[in-house]
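Read through the structure below, which is laid out as structure tokens, and then see the notes.
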Amino acid sequence: MQIGNNIGILHGGDYNPDQWLDCPEILAEDIRLMKKAKVNCVSLGIFAWSRLEPEEGKYDLDWLADIIQNLYENGIYTILATPTGAMPHWLADRYEEVRQVGEDGIRYDIGKRHNYCPSSLIMREKTRQIDQKLAERFGRHPGVIGWHISNEIGNNGRDGACHCSNCQNAFRTWLKEKYGSLDCLNKAWWTSFWSHTYTDWSQIRSTSSRGEDLLHGLNLDWKRFASSQQLDFSKEEIRTVRSYSALPITTNLMAFFRPLDYFQWSKEFDFVSWDCYPDWHSGADELQTAAEAAASHSLVRSLKSESFLMMESTPSIVNWRDKNRLKRPGMHALSSLQAIACGSDSVQYFQWRKSRGSSEKYHGAVVDHKNGENTRVFRDVAQLGERLEQLSPKVIGTCNQAQIALIFDWENWWAVEDAKAIDNSIQYFPIFLSYFRPFWEMGVDVDIIDMTCDLDKYEIVVAPLNYMYRKGYAERVRSFVEQGGCYVTTSWSGEVNDTDLVYLDRHPLEDVLGIVPEEMDVPDGYCENCVEYQDKKYRIEGICGLVHTKGAEVLASYQHDFYAGYPALTKNVYGKGEAYYIASVNEADFLRAFYREILQRKGLGCRMQITFPMGVTVNERKDPNRQLWFVQNFNREAAEVELLACYRNIETGEQLKGKITLQSFECIVLEK
Ligand code: GLA
Ligand code: ZN
């Protein structure tokens with residue numbers, strides 16, 4: 001990653017001095033407190049459009065210049081935002097078309113944020129003007145280290161899209177370019193079904209519950225278009241900023257955010273960053289939340305195969321869940337170090353100071369309305385700031401280097417949940433996460449890639465629920481396995497092509513998997529079934545694929561119902577590699593046992609010489625000369641781990657070997 005390399009791990013967050021410009025004493029106090037909390041970087045200007053351009057064409061950037069300069073003189077760097085996260089009244093009032101239209105065809109009033117139409121030429125022009133002013137003025141300021149395009153793009157609380165006539169027209173143009181002729185489009189979407197054949201491009205409209213939302217090819221292309229149209233708007237922002245500034249550019253992503261295909265998005269930005277808000281202390285234990293956070297960090301890291309920034313996180317609570325629990329003592333440091341452990345080069349917060357009014361006045365912040373530095377949260381943040389400063393020289397330059405990849409594919413996400421098949425409540429993400437978690441439990445870093453990414457740099461690729469195959473995917477899997485790769489997939493994979501047309505004749509990877517899938521079942525309530533694997537029985541908790549072998553070896557089979565004895569887990573040797581097929585959705589212990597088996601066969605696993613109990617995990621960051629291990633205890637009690645070799649705690653300098661105790665929510669960072 002190209003940002004912050006000479007500053008160290010970034011520590012700071014969203015700073016909104018634009019809300020306090022008439023309180024100079026507060027602004028001065030901010031600087032004093034930032035230094036005390038070891039803050040070295042803030043994000044500025046995210047929602048400052050109406051302060052920067054109070055009237056159309058009348059700009060006021062001087063206040064921002066003063067703030068940036070003052071921060072810089074105090075050793076605090078700025079990541080500067082373009083202000084399209086929220087629009088000023090004058091813009092929305094004068095130009096109706098900048099406001100989004102919902103899927104019901106009704107145009108939204110101005111209000112809230114993340115609500116501009118990405119197709120509006122006026123919106124694009126007004127954005128270009130303000131972005132140009134900012135980039136011209138601050139693009140070479142020594143205190144500015146990077147650009148933050150807009151904010152949580154697409155997060156409009158609905159489908160992320162705009163359905164106005166400009167967007168509909170842009171969609172039709174996009175389709176013309178993609179399909180060339182209506183005939184091709186009609187075939188690709190199978191529109192002869194229910195007499196939906198299009199005879200004129202103007203008949204095509206966006207997916208809507210008031211109209212067409214059962215034509216799967218349309219649904220899929222509309223989602224692709226909506227993601228790419230939003231990206232096209234951001235690309236224009238990037239172009240404007242780039243023509244005046246050589247600084248690296250990012251936007252704050254939201255990890256597994258359904259409307260936008262982040263594998264496409266990340267290509268356009270110089271580095272990736274994301275906003276991380278795990279729901280700590282919500283379940284019977286912290287493990288599912290921790291695994292989900294680790295998966296999110298791993299996804300973001302994998303988007304560019306490099307370290308990233310955690311652009312937002314809360315130092316205490318959020319205020320947008322029904323119930324918002326405080327981070328218990330230790331959790332702030334642990335969750336922040338978890339981000340670093342998974343590849344982040346920053347711990348940035350939303351927000352530096354609580355606003356005095358409006359909807360986020362009670363959202364957690366480093367500085368509360370009262371008590372200045374004398375709060376638990378401030379002390380936690382300041383303490384962490386010190387730790388990060390100490391860790392920086394060792395951490396910066398290293399990253400996680402996974403030998404295993406899990407496939408998570410946005411287009412498949414859209415398609416599989418739209419399939420109208422055996423289980424219409426199927427959710428891709430939780431199933432995907434169930435395939436991630438056992439690796440996390442074992443302290444094995446995995447990358448998360450989509451079907452267009454390079455498979456060949458991995459030893460094992462795990463592809464759960466790959467219902468839709470992207471173009472060329474089957475061929476790439478075949479060559480991966482041929483050359484010695486280990487491929488694991490599940491039932492409900494290889495069903496449809498990339499316009500959601502079902503494959504005829506055979507599964508596209510029949511030869512590689514050595515099986516012939518035939519039927520699917522959700523026994524749900526009818527029969528408690530289980531599979532037997534390595535002399536143990538595992539409960540089935542979801543869909544069951546019924547397959548026959550065609551060359552594959554059967555490693556596990558169903559125990560009950562009319563398909564007792566049918567294969568539930570198969571292995572096929574193909575070329576120099578092997579391919580596994582998991583036919584049913586089973587209880588978690590099944591995957592734990594299965595992963596242990598394949599990791600052992602491949603000689604992979606946690607690369608640290610350590611044993612640890614459930615709830616403790618390890619991530620490894622390295623470069624050619626260094627290996628760092630982050631040992632994290634997510635348990636609500638202390639846990640004992642055993643170091644089977646001698647390690648050095650890089651914060652205390654202590655040499656450690658044998659049994660050691662980690663306190664609840666403790667994280668230690670070790671090297672050999
Ligand atoms: C998002 C936004 C921030 C703020 C936080 C609150 O991440 O980007 O502006 O609203 O949520 O958690
Ligand atoms: Zn629109």
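The values are calculated or read from the model by the stated rules, or taken from the named source; none is laboratory data. Just so you know, these numbers come straight off a predicted model, no measurement behind them. When we count neighbours, we look across all protein chains shown, and the Cβ atoms used for this are built from the backbone with ideal geometry, even at glycine. For accessibility, only protein heavy atoms count, side chains too; no ligands or nucleic acids. Shrake-Rupley method; radii C 1.70, N 1.55, O 1.52, S 1.80 Å.
Okay, here's what the table says:
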item	result
Total formal charge among the other residues, if their Cβ is under 13 angstrom from that of E373, Lys/Arg +1 and Asp/Glu -1	+4
Peptide ranges 662-671, 609-618 listed from the most packed, as the mean C-beta count within 10 angstrom indicates	662-671, 609-618
Quotient of C-alpha Rg and 2.2 N^0.38 Å, computed over the range 1-141	1.18
Of K536/K602; K178/K457; K235/K304; K304/K471; K536/K659; K235/K457, pairs whose Cα-Cα distance is over 24 Å	K178/K457; K536/K659; K235/K457
Span per principal axis, largest first, for the Cα atoms of the range 487-549 (Å)	36, 26, 17
Percent of beta bridges antiparallel (DSSP, the range 25-177, rounded to nearest 5)	25 percent
The chain, accessible surface, carbon-and-sulfur percent (1.4 angstrom probe)	46 percent
Theoretical gain in end-to-end length, D66 to W201 [0.36 nm per residue, Cα-Cα removed]	43.3 nm
Highest-first arrangement of 371-384, 441-454, where packing means the average Cβ count within 10 Å	441-454, 371-384
Cα centroid of the range 55-70 to Cα centroid of the range 569-590, whole Å	59 Å
Mean separation of Cα contacts under 8 Å, 6 or more apart, over the residue count of the range 475-538: relative contact order %	18 percent
Per-peptide average of other Cβ atoms within 10 Å, ordering 339-349, 579-589, 189-199 highest first	339-349, 579-589, 189-199
For S425, net neighbour charge (Lys/Arg +1, Asp/Glu -1) across residues whose Cβ lies under 14 Å away	-4
Volume of the Cα convex hull of the chain, divided per residue and given in Å³	164 Å³
Translational diffusion coefficient (Stokes-Einstein; Kirkwood radius from C-alpha pairs) of the range 106-166 at 25 °C, 0.890 mPa s, in µm²/s	179 µm²/s
Contour minus Cα-Cα distance for E640 and Q427 (0.36 nm per residue)	73.1 nm
Whole-number D in µm²/s for the range 223-373 (Stokes-Einstein; Kirkwood sum over Cα pairs; 4 °C, 1.567 mPa s)	77 µm²/s
Rel. contact order, % - alpha carbon contacts under 8 angstrom, at least six apart, the chain	11 percent
Residues K112 and E532, FRET efficiency given R0 of 60 Å [Cβ-Cβ distance, rounded to 0.05]	0.65
Dipole of the chain, positive direction: furthest Cα of A421, A583, F263, with charges on the beta-carbon	F263
Mean residue ellipticity (222 nm) of the chain, computed from DSSP H runs ≥ 4 via -39,500 (n - 2.57), nearest 500	-9500 deg cm²/dmol
Net charge, P83 excluded, C-beta distance under 11 Å - Lys, Arg +1, Asp, Glu -1	0
Nearest-10 value in Å² for the accessible area of H141, using the 1.4 Å probe	30 Å²
Assigned charges on the beta-carbon of Lys, Arg, Asp, Glu; the range 388-520 dipole about Cα centre (debye)	340 debye
Alpha carbon convex hull of the range 326-371, volume per residue in cubic angstrom	88 Å³
Straight-distance crosslink candidates among lysines, where the alpha carbon sits under 20 Å from K35 and sequence neighbours closer than 8 are dropped	K354, K370
Against the rule of thumb 2.2 N^0.38 Å, how large the Cα Rg of the range 419-504 comes out	1.15
Label point distance in nm, D454-K576, each placed 7 Å from Cα along Cα→Cβ	1.7 nm
Amide N of the range 538-575 lying under 11 Å from the label point, which is placed 7 angstrom from the Cα of D589 along Cα→Cβ	538-539
Computed label-point distance, nm, for sites S208 and F562 using a 7 Å Cα→Cβ extension	4.5 nm
Accessible area of the range 531-617 divided out per residue, in Å², using a probe of 1.4 angstrom	44 Å²
Per residue Cα convex hull volume in Å³ - calculated over the range 366-432	198 Å³
Additional length obtainable on full extension of the chain from H369 to R506, 0.36 nm per residue less Cα span	42.9 nm
For the range 229-314, accessible area per residue (1.4 Å probe, heavy atoms of protein chains only), Å²	27 Å²
Pair-distance profile P(r), taking every C-alpha pair of the range 520-672, with 10 angstrom steps and integer %	10, 29, 22, 21, 15, 3, 0
For the range 516-564, Kirkwood radius (reciprocal of mean inverse C-alpha pair distance, Å)	11.5 Å
Cβ-placed point charges (K, R +1; D, E -1), dipole of the chain about Cα centre in debye, nearest 20	1400 debye
Accessible area (Å², per residue) of the range 1-54, counting only protein heavy atoms and a probe of 1.4 Å	37 Å²
Inter-label distance for H281 and T652, nm, one decimal - labels placed 7 Å from Cα along Cα-to-Cβ	2.6 nm
